[in-house]
Amino acid sequence: MAFPEPKPRGPELPQKRVKTLDCGQGAVRAVRFNVDGNYCLTCGSDKTLKLWNPLRGTLLRTYSGHGYEVLDAAGSFDNSSLCSGGGDKAVVLWDVASGQVVRKFRGHAGKVNTVQFNEEATVILSGSIDSSIRCWDCRSRRPEPVQTLDEARDGISSVKVSDHEILAGSVDGRVRRYDLRMGQLFSDYVGSPITCTCFSRDGQCTLVSSLDSTLRLLDKDTGELLGEYTGHKNQEYKLDCCLSERDTHVVSCSEDGKVYFWDLVEGSLALALPVGPGVVQSLSYHPQEPCLLTAVGGSVHCWREEAYEAEGGTG
């Protein structure tokens with residue numbers, strides 16, 4: 001007699017705080033895992049960028065070179081380079097090991113909200129409140145961008161890159177997807193200023209958050225609305241959203257001091273995680289594990305699933 005297969009356990013959500021990083025860099029504007037999730041970057045209002053081991057809580061290096069607050073950063077696929085953008089309108093390419101500035105790209109007319117490397121880390125894409133996305137060649141000495149995408153009618157809040165696509169969210173209420181292979185632009189109108197947009201991990205969908213306190217899941221190819229997620233508060237700030245490591249849950253910052261998790265398929269609220277007083281400015285989800293970083297005020301918290309046991313106790 002065959003016994004029925006046990007039901008697979010539901011995905012565990014990170015809700016146990018295992019570490020707090022007191023970053024010492026003013027307000028933390030953004031927190032970002034690196035590609036493999038072993039390290040993270042924090043962007044400070046004190047003009048610095050810091051590299052951490054978040055589970056150990058150790059600071060590895062501080063990067064100084066911006067003239068104003070740092071608003072976003074990203075690591076390259078091989079962890080050898082970082083890029084960052086900030087209120088000084090500059091895009092900076094850093095050498096991770098030495099901490100030195102390799103290149104400083106200038107050309108944006110306003111603060112740089114978002115930066116990303118392409119997959120090979122040969123190009124940095126930056127989005128600015130000047131309504132443009134600029135593509136900078138990391139290897140050439142040319143001071144001007146190799147390409148400028150200026151279809152947006154208002155500031156760019158979010159840029160994400162896949163192997164052949166650029167996904168951009170703008171304050172003009174549109175999500176634009178540039179298919180670089182086909183040379184085509186696809187645009188979906190959400191209607192409310194967009195604060196963050198990202199691809200699902202399987203690459204089939206896009207998630208869009210906007211200032212009407214709503215997240216929307218869109219079919220990437222057709223633009224069809226697959227789901228809406230509400231309950232959090234996002235009316236003033238540029239807040240991060242993402243999908244969990246297995247695309248099972250939608251995750252968003254909120255202006256009420258919590259991080260919200262919704263079941264992707266059902267749309268039901270699965271967890272409202274109290275993080276701290278004030279606005280949860282930024283979050284980053286580990287690429288393979290139920291591990292979440294949240295930034296509120298000058299601190300970053302690292303969250304794991306309830307069953308997680310830290311090596312050598314919790315912090």
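Of note:
- Considering only Cα atoms, the convex hull volume of segment 98-250 works out to 131 Å³ per residue.
- Taking only the C-alpha atoms of segment 159-315, Rg followed by Dmax gives 15.8, 52 Å.
- Label-point separation, N38 to R61 (7 Å along Cα→Cβ), nm: 1.4 nm
- Subtracting the Cα-Cα distance of E236 and Q184 from their residue separation scaled by 0.36 nm leaves 15.5 nm.
- For segment 204-257 and segment 52-110, distance of Cα centres in Å: 27 Å
- Here the label points at V265 and T122, each 7 Å from Cα along the C-beta direction, are separated by 4.1 nm in the simple model.
- Longest to shortest principal axis, alpha-carbon extents of segment 89-168, angstrom: 38, 27, 20
- Additional length obtainable on full extension of the chain from Q15 to D95, 0.36 nm per residue less Cα span: 25.4 nm
- Debye intensity ratio I(q)/I(0), log10, the chain, q values 0.13, 0.16 Å⁻¹ (C-alpha model): -0.89, -1.39
- Charge dipole of the chain (Cα centre as origin; +1 on each Lys and Arg Cβ, -1 on each Asp and Glu Cβ, all else neutral): 1000 debye, rounded to the nearest 20.
- Taking segment 77-236 and dividing mean pair separation by its residue count, relative contact order in percent (alpha carbons under 8 Å, at least six apart): 12 percent
- Stokes-Einstein D for segment 21-103, Kirkwood Rh over Cα pairs, 25 °C, 0.890 mPa s (µm²/s): 199 µm²/s
Rule-based calculations on the coordinates, nothing more; no lab input. Since the model is a prediction, treat every value here as computed from it, not as a measurement. Because the Cβ atoms are built from the backbone with ideal geometry, glycine has one as well, and the counts that use them run over all protein chains shown.
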